[in-house]
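Comments concern the structure below.
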Amino acid sequence: MTKRNIIALIDCNNFYVSCERVFDPSLEGKPVAVLSNNDGCMVSRSAEVKALGIPMGAPAFKHEALIAKHGGTLLSSNYALYGDMSMRVMQTLEQFSPEIEIYSIDEAFMSLNGFPTVDLEAYATQIRDTVKRWTGIPVSVGIASSKTLAKVANHWAKRVPGFKGVLSLLDEERLEKALKLTPVGKVWGIGRQYDKFLRGCGIENAWQLRNADERFIDRYLTSVGHKTVLELQGYHAISLEEAPQDKKSILVSRSFGKQVDSLEELKEAVSSHVSVAAQKLRQQNSLAARMMVFLSTNRFKEGPQYSNSKQMVLSPPTAYTPELIKYAMELLEEVHLPGFEYKKAGVMFSELVSSDDVPLNFLETNYLDDKRKVLMDTMDKLNRKNRRDTLFVASCGTKQQWQMKRARLSPAYTTRWSDLPRAK
């Protein structure tokens with residue numbers, strides 16, 4: 001651990017809404033919210049929606065009239081657009097530092113070590129301006145000596161207009177003031193239960209947590225909590241993860257846009273989920289040794305409920321989509337119970353192994369050693385080059401009437417040729 005590190009956190013402002021505004025400038029200055037799956041709840045709100053007092057996660061139907069009254073609109077989640085815009089933002093950030101950790105779709109940590117003669121706030125302003133100019137996405141930048149403190153800096157950079165989206169907490173006086181103003185529950189790594197416990201012990205803000213008695217920390221906080229305290233003290237206890245860690249399991253699941261009672265429609269849905277999960281497997285150069293299929297009814301609907309799951313071992317491990325779909329159909333038929341209307345189904349791959357570490361099997365040819373891998377690599381390449389589902393397995397269906405509702409979906413501006421914006 002050291003106090004000689006300088007870390008910046010770059011966070012996109014209201015990311016989903018900002019992506020929509022890049023290609024539809026008429027949304028600027030108006031209340032705009034992006035909705036969750038099946039157009040249920042708000043998952044991204046513009047500053048104008050927040051000013052109306054509408055909380056995150058609020059049901060759309062409760063506030064639609066209020067937003068419309070103020071000239072605003074609600075939009076369905078456009079995941080293809082957000083993923084592509086995120087990639088553009090991250091590629092832009094790579095111009096400013098060789099050490100970057102992509103933390104989430106709209107956040108990245110950046111090392112600013114080795115910039116001793118640079119005005120860091122001016123450099124952060126340059127980062128902010130460049131991202132806005134190259135991608136259209138507004139970002140906030142927080143600078144500090146640890147990742148946790150950079151989170152605090154970013155929090156205030158985003159909320160205090162006078163900082164203009166950039167704040168450095170490398171100055172001790174400014175750091176103390178910021179930590180005293182930060183509720184302990186807003187500290188990165190402090191969950192709801194710890195927030196309640198710490199407040200009960202008289203620790204109300206981040207400054208008090210930073211200076212808490214060491215014996216109290218050792219006795220009542222976990223190792224993660226202990227690292228959080230060290231980070232608040234300025235020690236670099238949580239390192240940058242420059243290479244994303246491979247997932248240990250892959251889950252793909254979606255709520256249906258309607259109640260589904262047909263086994264054929266369930267097979268289409270599960271086949272589609274398997275296809276997506278298998279593509280993610282191959283993307284991280286992994287194979288699955290275990291698979292689970294599950295389905296459930298709508299627990300918010302009155303009447304009898306049913307949910308079930310079934311799993312199986314895959315030997316040898318594989319990432320071959322047709323084979324995985326075949327096994328998934330067997331599992332689905334085992335868990336399916338006629339007479340129910342289902343709201344959700346999904347698939348999970350676990351016990352993932354790297355393609356380089358697959359154990360030898362003398363009884364069956366490995367997926368990696370024959371034309372199956374060539375076929376999957378070709379399919380993935382074509383789908384990346386053109387668009388998703390240019391090639392797909394027939395069992396996934398063509399109509400997919402079970403798909404989640406996205407009645408307010410904006411065009412795929414950056415990933416579909418037919419949806420490219422046209423200048424008039």
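The values are calculated or read from the model by the stated rules, or taken from the named source; none is laboratory data. Since this is a predicted model, take the numbers as computed values, not measurements. All Cβ positions, glycine included, derive from the backbone under ideal geometry; neighbour counts span all protein chains shown. Heads up: the accessible areas ignore ligands, DNA and RNA and are worked out on the full protein's heavy atoms, side chains in. Shrake-Rupley method; radii C 1.70, N 1.55, O 1.52, S 1.80 Å.
Points worth noting:
- Two-site label geometry, D380 and S354: point separation in nm, points 7 Å out along Cα→Cβ: 1.5 nm
- Diagonalising the gyration tensor over the Cα atoms of the range 325-403 and scaling each eigenvalue by 5 before taking the square root yields semi-axes of 28, 21, 11 Å, largest first.
- Estimated 222 nm signal from helices in the chain, with DSSP H stretches of n ≥ 4 weighted -39500 (n - 2.57), rounded to 500: -11500 deg cm²/dmol
- Total formal charge among the other residues, if their Cβ is under 12 angstrom from that of A212, Lys/Arg +1 and Asp/Glu -1: -1
- In order along the range 293-300, the phi-based Karplus estimate (6.51 cos²θ - 1.76 cosθ + 1.60, θ = phi - 60°) of 3J(HN,Hα) comes to 10, 9, 8, 7, 8, 7, 6, 8 Hz; Gly and Pro are listed as x.
- Between amide H atoms placed 1.01 Å from N, distances below 5 Å from V166 occur with V141, all of them 5 or more places distant or on a separate chain.
- For the chain: relative contact order, % (alpha-carbon pairs under 8 angstrom, 6 or more apart): 17 percent
- Bridgeable aspartates and glutamates around K248 (alpha carbons under 17 Å apart, same-chain partners fewer than 8 residues away excluded): E351, D356, D357.
- For K381, the lysines whose Cα comes closer than 19 Å to its Cα, not counting residues fewer than 8 places off in the same chain, are K280, K371, K373.
- Cα-based shape type of the range 380-424, given that a ≥ b ≥ c are square roots of the gyration tensor eigenvalues and the cut on a/c is 1.5: oblate
- Shape call, the range 1-116: gyration tensor on alpha carbons, a/c limit 1.5: prolate
- Axial C-alpha extent at least 24 Å, average Kyte-Doolittle at least 0.5 - helices from the chain (DSSP): none
- Within the range 1-122, antiparallel bridges make up roughly 80 percent of the DSSP beta bridges whose residues both belong there.
- Of all accessible heavy-atom area on the chain, the percent that carbon and sulfur account for (1.4 Å): 51 percent
- Fraction of antiparallel bridges per DSSP, the chain only, in percent to nearest 5: 90 percent
- Efficiency of FRET from Cβ geometry, S262 and E64, R₀ 30 Å, rounded to 0.05: 0.45
- Once C-alpha pairs closer than 8 Å and six or more residues apart are averaged by separation and normalised to the residue number of the range 314-424, the relative contact order reads 25 percent.
- With Rh defined as the Kirkwood radius, the inverse of the mean 1/r over Cα pairs, the Rg/Rh of the chain is 0.99.
- Of every Cα-Cα pair in the range 174-251, the percent that sits beyond 17 Å: 48 percent
- Per-residue packing, averaged as other Cβ atoms within 10 Å, sorts the ranges 271-282, 228-239, 97-108 into the order 271-282, 228-239, 97-108, beginning with the highest.
- Amide H to amide H distances under 5 Å link A289 with S350, L352, V353, where only residues 5 or more positions off or on other chains count and H is placed in the peptide plane.
- Loop sites in the range 295-384: GluC sites (Glu not before Pro), DSSP, at most 12 other Cβ within 10 Å: E302, E364
- 21 Å Cα-Cα reach of K227 towards lysines, excluding residues that sit fewer than 8 places from it in its own chain: K3, K147, K151, K180, K186, K196
- Gyration tensor (alpha-carbon) shape descriptor, the range 261-377, a/c threshold 1.5: prolate
- Peptides 141-147, 76-82, 125-131 ranked from most to least packed give 141-147, 76-82, 125-131, packing being the mean of other C-beta atoms within 10 angstrom over each peptide's residues.
- Cut-off 12 Å between beta-carbons: net charge of the residues surrounding V166, Lys and Arg +1, Asp and Glu -1: -1
- Annotation: per residue accessible area for the range 40-102 equals 48 Å², rounded to a whole number [probe 1.4 Å, protein chains only].
- Sorted on the mean count of surrounding Cβ atoms within 10 Å across their residues, most packed first, peptides 259-267, 196-204, 40-48 read 40-48, 259-267, 196-204.
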